[in-house]
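Quick notes on the structure that follows.
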Amino acid sequence: QVNLAESGGGLVQAGGSLRLSCAASGYIFHLNGMGWYRQAPGKQRELVAAISKGRRTNYLDSVKGRFTISSDNAKNTVYLQMNSLKPEDTAVYYCYQEINFREIWGQGTQVTVSS
């Protein structure tokens, strides 16, 4: 069984930074894309950033230039560096990894940005 462990969420003031991490554990024989979604109260879950196995990235328009996704395939870990955070970035952030031809999800980590 494969599990994802997220870390790095918390409370930060507007303009601050946070770095989220998502590490996979278990038996892994195939790893593909990874990414981060977020869901704010009363809103639908949205894709924030994704990175392919070939390190191609794409971002939600509202986070371009502020967030950076990266991965360490040797460690089966995906990161999300979030700078210049805004109150509207407040949400639960969920990572996912395409492992062994399945989509595996993290438990979610709360990011709260105060104004």
Exercise for the section: Evaluate the relative contact order of the chain (contact order divided by residue number), counting alpha-carbon pairs under 8 angstrom at least 6 apart; express in whole percent. Expected result: 37 percent
Problem - Average projection area in nm² (convex hull over Cα atoms of the chain, one quarter of hull surface) - result: 6.7 nm²
Completion exercise
Filtered hits (lysines, Cα-Cα < 23 Å from Lys43, offset >= 8 within chain) -> Lys64, Lys86
Practice task
Please work out how much length the chain gains when fully extended from Glu88 to Ser62, using 0.36 nm per residue of separation minus the C-alpha to C-alpha distance, in nm with one decimal.
Solution key: 8.4 nm
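So, with +1 on the Cβ of K and R and -1 on the Cβ of D and E, and no other charges, what is the size of the charge dipole of the chain about its Cα centre, to the nearest 20 debye? Provide the component values of the computation, followed by the final result.
Details: 12 positive and 8 negative charges, 38 e Å.
Here the size comes out at about 180 debye.
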Practice task
Using Cα positions and a limit of under 25 Å, work out the lysines in reach of Lys75, with same-chain residues fewer than 8 apart set aside.
Solution key: Lys53
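Every number here is computed from the coordinates shown, using simple stated rules; none is lab data. All values reported here derive from a predicted model rather than from experimental measurement. Note that we place each Cβ from the backbone using ideal geometry, even for glycine, and neighbour counts take in every protein chain shown.
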